[in-house]
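Take a look at the structure set out below.
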Amino acid sequence: MDYHLYSGLLNKIYIAGFQDCYTVVRDFYSQNYEITLPNYARPDNFQDEDFNLIGMLKNNPDFLSKPANRNLLVAGDVLTFRVASNVENHFGVYVGNGLFIHHLINTRSKEDSLDNKWMRRVISVLRHKEAPEKAQSEELFNLIAPMFRNGGVV
């Protein structure tokens, strides 16, 4: 996936419940796939038993659970992590080339390598039913030589 397709989601300050790891997922899907995910009002600790945002996304019929295998990831896959916790408490979006974007608490949103350190923390991989089709058509478009993309007009 081209960096410019998600660069506007990076380097944002953290604001609990407003600009957090779920916001990265929601905004990524909106900007890249024109898929609107619910904007849940959420407490600071959305992994709390009383408000299980990760469970809500996992139970969303538009998302399919996929194996947490680095070699099977597709750009746009939502990753759930366990970070300094014994429960899933963090979202990220795989963007291809071994990279994902996310927003840790009290940091700026960023791109990271899905190295072994992060891969060990992945609990689940969720793929939206429509996202791979939209991503695949984008990838095919990018295979067309630039001079032919606009009917031969450069």
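The set of residues in the range 82-122 being surrounded by fewer than 20 Cβ atoms within 10 Å (Cβ to Cβ), among the aliphatic types (A, V, I, L, M) and part of a strand (DSSP E or B) consists of Leu99 alone. Checked against (1) in contact (Cβ under 8 Å) with a residue 12 or more places away in the chain; (2) open to solvent by less than 60 Å² (accessible area, probe 1.4 Å), Ser7 meets all criteria but (1). Within the range 19-49, being over 17 Å from Phe63 (Cα atoms), of a type in the set (A, V, I, L, M, F, W, C), modelled with pLDDT of 90 or more and assigned to a loop (DSSP other than H, G, I, E, B) holds for no residue. For the range 59-78, the criterion of being touching a Leu at 6+ places or on another chain (Cβ under 7 Å) and at pLDDT below 90 is met by no residue.
The values are calculated or read from the model by the stated rules, or taken from the named source; none is laboratory data. Not measured: the values here are computed from a predicted model. Positions of Cβ are generated from backbone atoms using ideal geometry, with glycine treated the same way; all protein chains shown enter the neighbour counts. Protein only, heavy atoms only, side chains kept; ligands, DNA and RNA dropped before computing areas. Shrake-Rupley method; radii C 1.70, N 1.55, O 1.52, S 1.80 Å.
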